Amino acid sequence: MTRKEQVKKAIKFQNPDYVPILFFNKDFDQSDIIIVDVVRHFMGNGKDISEYGFKWEREDETMGQPKEEIIKTWDSFDKIKFPDPFDKSRFSNVKQVMNDYPERYYLASLVLTGFTIMTFLRGFTNTLEDFYLEPENIEKLADKIFGFEEEIIKQLKEYGFDGVAFYDDWGNQNSLIISPKLWRDFFKPRYKKQFDLCHQNGLDVYFHSCGYIYDILPDFIEIGVDMMNISQPNLYNIEKLGEDFGGKVCFVCPISYQTTSITGTKDDIFNEAKRLISNLGKYNGGFIGYVEEYHSIGMSDENYKNCVEAFKTYGKYR
């Protein structure tokens, strides 16, 4: 079987030969999943301009944050020029990437999505306040952003993609950023519309969220997430996560990059990989390893290699 077929079997709980691995930012030749960005958030010579118009401010090698919000007052909303989803140049490198890495599972990345973009355009505090003080305006902003993403989704199948990646952080260290009720009332219907559109076009749904999002995991599964990228396994009881949601969604997890992969020993890393796979990937699939080089927050070359080796060592179903 090809690497693509192994990934699809893991997603669908169809007994793949091994646990696939997604390499996020290096060693793509080893990756079973290849991510291609189709929204341009890092343009210009300094890679510091988004096609949405905001500029990144960085003090280190991380992504940074928008220097300032664009929508300072709602009076300026109608003057904002939103990106063109039909600009074909956003797909200009797709063919070359697929030629360079053949027979992989190809994931079209929207890079940063939904609520995250709302906070980048309006400001984080303003956005949270506007849910209560300016509900009509915040609805308009959400409709623009989610609508832009939907128009891109409609174009993806013709380029040979297998899935769509959404990136929207919903948790802090121990709870959601907003109440579950507000999330379900405002965002859940919008995500469902997007996920339905993906499935209608033969595309799987990959959803990334940092933070603790246990309260809304059942909702994500209900509305059609196929791959759930839990980026901080250290925030969860992995055994309970497997008991409650194993076999219902395919988890995509790294070795915790707030803790274990940064400061852990080789034994710590191997033990966490084994724990993740044995609890989340025991349903004839249901788990994909995730590896990201994170020297910007203290990951050593040795620990990066240990993460790769750990998933390969324990990721053998047969």
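Relative to the present Cα-Cα distance, how much length would full extension add between M43 and K274 at 0.36 nm per residue of separation?
Separation in residues times 0.36 nm, less the Cα-Cα distance, equals 79.2 nm.
Let me know the charge dipole size of segment 3-314 about its Cα centre in debye, to the nearest 20, where only the beta-carbon of Lys, Arg (+1) and Asp, Glu (-1) is charged.
Result for segment 3-314 is approximately 660 debye, rounded to the nearest 20.
Semi-axes of the equivalent ellipsoid of the chain: what are they in whole Å, largest first, if each equals the square root of 5 times a C-alpha gyration tensor eigenvalue?
So the three semi-axes of the chain are 31, 22, 20 Å.
Order by neighbour count: R122, R275, R90, fewest other Cβ atoms within 10 Å first, most last.
Listed from fewest to most nearby Cβ atoms, that is R275, R90, R122.
For segment 190-240, go through all pairs of different Cα atoms, get the mean of 1/r, take its inverse, and jot down that Kirkwood value in Å.
This gives a value of 11.8 Å.
Given the Cα atoms of segment 158-262, and with Rh set as the inverse mean 1/r over their pairs in the Kirkwood sense, what is Rg to Rh to two decimals?
0.97
Can you show me the helix-derived [θ] at 222 nm for the chain, built from DSSP H runs with n ≥ 4 at -39,500 (n - 2.57) apiece and divided by the number of residues, rounded to the nearest 500.
Per the formula, -10500 deg cm²/dmol.
Taking 32 Å as the cut-off for C-alpha to C-alpha distance, list the pairs among K248/K316; K181/K305; K240/K305; K47/K157 that go past it.
K181/K305
State the answer as a single residue: which of Y294, V7, Y191 lies farthest towards the positive end of the charge dipole of the chain, with beta carbon charges of +1 for Lys and Arg and -1 for Asp and Glu, about the Cα centre.
Of Y294, V7, Y191, it is V7.
Could you tell me which residue out of V225, F86, T259 lies farthest along the dipole of the chain toward its positive end? Charges go on the beta carbon: Lys and Arg +1, Asp and Glu -1, centred on the Cα centre.
V225
What nm value, rounded to one decimal, do you get for the distance between N174 and D84 when each label is placed 7 Å out toward the C-beta?
Modelled inter-label distance: 5.0 nm.
With a Förster radius of 25 Å, plug the Cβ-Cβ distance of Q258 and K55 into 1/(1 + (r/R0)^6) and report the FRET value to the nearest 0.05.
0.35
Need the full-extension length gain, Q30 to L133, defined as separation in residues times 0.36 nm minus the C-alpha distance. One decimal, nm.
Contour length minus Cα-Cα distance gives 32.2 nm.
Bear in mind these aren't lab numbers, they're just calculated from the coordinates by the rules spelled out. A quick note: this is a predicted structure, and the numbers were derived from the prediction, not measured. Cβ atoms come from the backbone with ideal geometry, glycine included; neighbour counts cover every protein chain shown.
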